[in-house]
Amino acid sequence: MAEYIDHELVHKRLPRRIALNKTVRGLFLASTLSGLIVLAVLLFDVIRDSWGWLDWQFLTSVTSFSPEQAGIIGAISGTLWLMMIVGPLTMILGVATAVYLEEYVKEGRVRTFFETNISNLAGVPSIVFGLLGLTVFVRMLGMGSVVLAGGLTMSLLVLPIVIVASQEALRAVPSYLREASFGMGATRWQAIRTVVLPAALPNILTGMILAMSRAIGETAPLIAIGIPALLIPLPGSLFDSFTVLPVQIYYWTIDAALTAEYAYMAAATIVVLLVIMFLLNATAIFIRNKFQQRF
Amino acid sequence: MAQTTSVSELIKQKRNKSRRMKLEKGVPVLLFLAASVSVLTTVGILLTLIVETVMFFTDVSFREFFLSTAMQPLNRSDPSFSILPLLSATLLSTGIAMLVAVPIGLTTAVYLSEYATDKARRVLKPMVEVLAGIPTIVYGFFAFTFVTPVLREIIPILDRTNILSPGIVMGIMIIPMVASLSEDALSSVPNSMREGAMAFGATKLEATIRVVIPAALSGIVASFVLGISRAIGETMIVTIASGSNKNLTFDVTQSMQTMTAYIVEVTSGDAGAGTTAYYSLYAVALTLFLFTLAMNMLAKYISKRYREVY
């Protein structure tokens, strides 16, 4: 019988192949960890720079040219104002769109059209949304760079995220729940309102919170609509000027070339921003684990 | 049979029923209106960009915009508008970012999908994804105040603002995107294929390189293309760390301005509405929009067209 496999050759090569496999495994692990190491360095750098600057006075003072007196209460309140628009608006529009696509249209060209549009919109750079806001809300509708203009711009930006998350949440609700409520005599809307939406709510909320955390960290569109670099008065209505944490970080970072302390203040603001985002994400994970039903 | 419901109750029921029917008909209309907001957003973006770009090209020729090399929008006596310096900066920073994100992202994906134990994956994957959740402004701060000074110790000729450092940091930002999309592609390759390769005596590495990666290639390439699109549209990192020099150059140690950073500079600067500099904003933004749109569509095409179905 002819020898198809040269056993001697195989055995000669085997140790090297196994060694290579082990080496590469180690290299790939190192590569995976390298991303995490950068993350650790980044956090360490930011926290070290902010050391000594992040105190109660910093959190509760309005901004100022003098580093010792400056604080971020204006940016914090601006961020909260922004969330008060983005939260409800994207929740209503996002869930309504998702319900329309998942419960009413279901299949066909209309749905493909909407979904293609939404996925393309999700890929548009955020700065382009900023230009849309600048052109339509700030200039055309004459709002100026106020809370409402910023909130509307930001809502359009995160809307695709909320829609997709809500669609997934609705899709996870099993159809027997719908059919059972139809069987009890419910109309389509009654079934959606009383059965489907409550069942999907935890997942919708999780997606919402993640979208909020994206909106809180987003900088470029707000700079494009013209938020001022130094703003003393706190916003009191939807038609007041405002600033937010990331925009404050931006202006302090680029001014750090002039006044070194600004870099430390930017770092302290970053710590506040990251803590807020961490809390939001922790809430999202908590809601998911606590209320998510498995069907 | 005795009538148990009074007439007034019947009327009430009837009215309720008709109100319910109205609701049943009205709700889809309202939902449709909500859904059309996203379509209107797209229309709004296209209209604003196109209308103002047309205004721009009444002042500046196509030739100047695409073929000349000087970009001096705020020069009072002789302003010039060429997108090439911005385009070269965008392509350079994207290229540097992909040099970082592709090898690290792909090897991370392979490690998580092929080598890591379940336990290790459950710990490592969310940690890698934290990188994607960090706001870009924070990466910008990191590039400007940490990475650039460190790089200048190694490369003394590096300018205080340059395209190298934001490029690298952008790459780090994109790692989780490449890693998680590639990992999805790798994990969807059925185990029978790995087992088949190993039954022939392949090591894990050989099975991965010869069998698993080729089978998942469309998803992996799509993740690279999406990463490119993300890098082209990234704004804050380059705005902070790469300065505003508009010279046409390919020297990565120099300050350069990307398309996105140009938009930020002009909107936050003092180019008044109606000036050519102001309109140039939209011409640049439209170019940016078309680039990212093309990349996103390409990614979709690749993952659809070349997907192997098992």
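Computed values, structure above
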item	result
Separation of alpha-carbon centers, the range A:93-119 and the range B:121-195, rounded to whole Å	33
Ellipticity estimate at 222 nm from DSSP helix runs (n ≥ 4, -39,500 (n - 2.57)) divided over chain B, nearest 500	-24000 deg cm²/dmol
Average partner coverage of B:109-117, which counts Cβ from other chains inside 10 Å	4
Point-charge dipole on Cβ atoms (K/R +1, D/E -1) for the protein assembly as shown, about Cα centre, debye to 20	2440
Shape category assigned to the protein assembly as shown from the gyration tensor of Cα positions, a/c cut at 1.5	oblate
Order of A:Trp56, A:Trp51 - criterion: other Cβ atoms within 10 Å of each residue's Cβ, fewest first	A:Trp56, A:Trp51
Qualifying GluC sites (Glu not before Pro) in the range A:1-106, DSSP loop, other Cβ atoms within 10 Å at most 11	A:Glu3, A:Glu68
Volume in Å³ per residue [convex hull over Cα atoms, computed for the range B:106-146]	80
Proxy reagent accessibility, fewest Cβ within 10 Å first, across B:Met256, B:Met71	B:Met71, B:Met256
Proximal lysines to A:Lys290, defined as alpha-carbon separation beneath 29 angstrom and excluding residues fewer than eight positions away on the same chain	B:Lys119, B:Lys125
Dipole in debye (nearest 20) - chain A, about Cα centre, beta carbon charges: Lys, Arg +1; Asp, Glu -1	1040
Within the range A:191-295, trypsin sites (Lys or Arg not before Pro) in DSSP loop having at most 13 other beta-carbon neighbours inside 10 Å	A:Arg294
Residues with amide H under 5 Å from that of A:Val146, placed H, sequence gap 5 or more	none
The range B:84-305, dipole about Cα centre (Lys/Arg Cβ +1, Asp/Glu Cβ -1), debye to the nearest 20	460
Residues B:Leu74, A:Leu132, B:Leu226, sorted so that the one with the fewest Cβ neighbours within 10 Å comes first	B:Leu74, B:Leu226, A:Leu132
Helix-derived mean residue ellipticity, 222 nm - over chain A, DSSP H n ≥ 4, -39500 (n - 2.57), to 500	-23000 deg cm²/dmol
Sum of side-chain charges, B:Phe141 neighbourhood, beta-carbon under 10 Å (Lys, Arg +1; Asp, Glu -1)	-2
Under 27 Å from the Cα of B:Lys22 - lysines, other chains or at least 8 residues apart	A:Lys106, B:Lys12, B:Lys14
Extension gain (nm, one decimal) between B:Leu99 and B:Tyr301, 0.36 nm per residue minus Cα-Cα	70.4 nm
Along chain B, longest interval not containing exposed trypsin sites (Lys or Arg not before Pro), exposed being DSSP loop plus at most 13 other Cβ atoms within 10 Å	B:161-310
Lys/Arg +1, Asp/Glu -1 at C-beta; the range B:101-231 dipole; positive extreme among B:Gly105, B:Gly140, B:Ile163	B:Gly140
Over the range B:50-96, volume per residue of the alpha carbon convex hull, in Å³	90
Trypsin sites (Lys or Arg not before Pro) restricted to the range A:88-154 and DSSP loop, no more than 11 other C-beta within 10 Å	A:Lys106
Three-way shape label, chain A, alpha-carbon gyration tensor, a/c 1.5	oblate
Distant-in-sequence amide H partners of B:Gln72 (H built 1.01 Å from N, under 5 Å)	B:Ser80, B:Phe81, B:Ser82
Span-rule helices in chain B, defined as complete DSSP H runs reaching 20 Å or more along the axis (Cα) with Kyte mean at least 1.0	B:84-110, B:164-187, B:213-233
Under the span-like rule (Cα at least 24 Å along the axis, Kyte-Doolittle mean at least -1.0), DSSP H helices of chain A	A:7-50, A:73-99, A:147-171, A:197-217, A:261-291
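Bear in mind these aren't lab numbers, they're just calculated from the coordinates by the rules spelled out. As the structure is a computational prediction, the values presented were derived from the model and not from experiment. As a convention, Cβ positions derive from the backbone with ideal geometry for all residues, glycine included, and neighbour counts pool all protein chains shown.
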